[in-house]
Amino acid sequence: MKKILSLLTVLSLAASCSLCAAAADKEKGEPDVYVDGNRIVFSDQNATIVDGRTLVPARGVFEAMDCKVKWDGDTREVTVKSSTGVQSVVITIDSDKMKILKYKSLLERTEDEVTLDVPAQIMNDRTMIPLRAVSEAFDCNVEWDSENYKVDITTGDPILLDGYTYKAPDEETLVSMSLFTDKTGKLEAGEEFTVYVDADNIPADSFCSGVVATFEFDKSKFEYVEGSGTLLNDNGDEVNAAVFAENTGREGGTKVIFATIDETNAATSSGHVFKATFKSINGEAGSIEIGKTYESTRGHGSYLMFTTKSGENVVDTIYEGKNLVIDAPITIGE
């Protein structure tokens with residue numbers, strides 16, 4: 001039952017894997033927002049600058065930080081709670097006051113109040129809250145890039161009770177997702193080539209049960225060959241997918257979603273876990289990369305899922321965000 005439910009979750013993502021546009025627009029005062037290198041894609045209301053301060057929809061940005069967001073329509077309050085549950089920020093619509101609640105221990109909690117330059121407000125039926133004030137309350141670093149008209153947020157360590165310490169994972173041991181191609185040399189117009197998704201540091205006693213990859217590339221140079229995507233096993237053989245989808249209509253490239261329940265014929269070690277075919281349009285060189293986006297309604301645009309099975313117990317684990325290292329783009333045709 002757990003496995004069926006997991007695949008239904010992937011299927012729901014596959015059925016709606018289009019990507020909303022979220023390009024920065026200076027004329028409208030709508031900057032791009034990035035969290036740990038992941039561009040946040042808002043479903044219907046973009047980030048907006050009001051009186052020099054960036055307001056963002058309550059969900060999306062902070063959920064990408066693993067925070068929990070709660071809206072109380074009676075009190076018109078938004079509560080953003082840290083991933084550890086130790087600290088919360090409470091904001092009331094149209095109020096210039098923000099409360100920061102933090103547990104120092106299981107029995108002791110502090111409460112501070114901060115004055116906001118711009119209060120939270122409702123825009124297009126969406127609750128918009130101050131980006132910098134809330135982010136910095138959770139010990140995040142916030143940088144404004146005026147040239148590219150974007151906000152870069154780097155999250156800090158998890159907020160813990162007093163006396164507890166956090167040990168960051170060694171990046172070399174994290175699961176990683178990268179691209180590879182065996183195509184070398186210049187391309188001919190119309191020539192097809194293979195691009196592989198590689199996984200490294202696959203967890204022990206597990207198999208690769210799902211690949212979600214957002215391929216970003218210049219559509220004037222390359223074309224994703226629809227129907228070419230397939231999961232691979234350790235021998236490089238194709239694996240039948242129980243769930244699959246390919247969205248070639250995205251502005252920046254193509255998004256693929258493939259999952260399997262066939263643990264006897266799936267990748268269990270580092271290497272190629274997925275492949276697809278691309279075609280050169282005009283023979284020009286270009287790059288293809290795994291897109292790092294976070295959709296406010298559907299989560300991360302690229303991730304890997306691994307399944308561990310012990311007897312009747314089946315556990316699916318999705319690696320995404322800070323728990324997944326996504327390597328640099330590859331260049332084809334040089």
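No value in this document is a laboratory result; all are computed from the given coordinates. Everything numeric here is computed off the predicted structure, so don't read it as measured data. Here Cβ is always computed from backbone atoms with ideal geometry, including for glycine, and neighbour counts include all displayed protein chains.
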(request) Provide the gained length on full extension for the span residue 171 to residue 248, in nm with one decimal, where the gain is 0.36 nm per separating residue minus the Cα-Cα distance. (result) 24.5 nm
(request) Could you please report the charge total around residue 236, scoring K, R as +1 and D, E as -1 over all other residues with beta-carbon less than 15 angstrom from its beta-carbon? (result) -4
(message) Going Cα to Cα from residue 102, which aspartates and glutamates come in below 13 Å? Please leave out same-chain ones fewer than 8 positions away.
(response) 111, 112, 113, 139, 162
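Here is the link list: 81/275; 68/279; 150/186; 167/309; 183/255. Which ones come out longer than 32 Å on Cα distance?
Among 81/275; 68/279; 150/186; 167/309; 183/255, the Cα-Cα distance tops 32 Å for 81/275; 68/279; 150/186.
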(message) Please list, ordered by chain and number, the residues whose modelled amide H lies under 5 Å from the amide H of residue 54; skip anything fewer than 5 residues away on the same chain.
(response) 131, 132
(message) Computed from the coordinates I sent, P(r) over Cα pairs in 10 Å bins from 0, in percent equals one of [x] 5, 23, 29, 25, 14, 4, 0; [y] 6, 27, 37, 24, 6, 0; [z] 6, 23, 27, 21, 16, 6, 1. Tell me the label.
(response) [x]
(message) Output the 0 to 90 degree angle, nearest 10, between the alpha-carbon long axis of helix 2-14 and the longest principal axis computed from the alpha carbons of the chain.
(response) 90
(request) Mind ranking 92-105, 130-143 by how tightly packed they are, going by the mean number of other C-beta atoms within 10 angstrom, highest first? (result) 130-143, 92-105
(request) Report, in whole Å, the centroid distance computed from the Cα atoms of the range 125-157 and the range 263-278. (result) 37
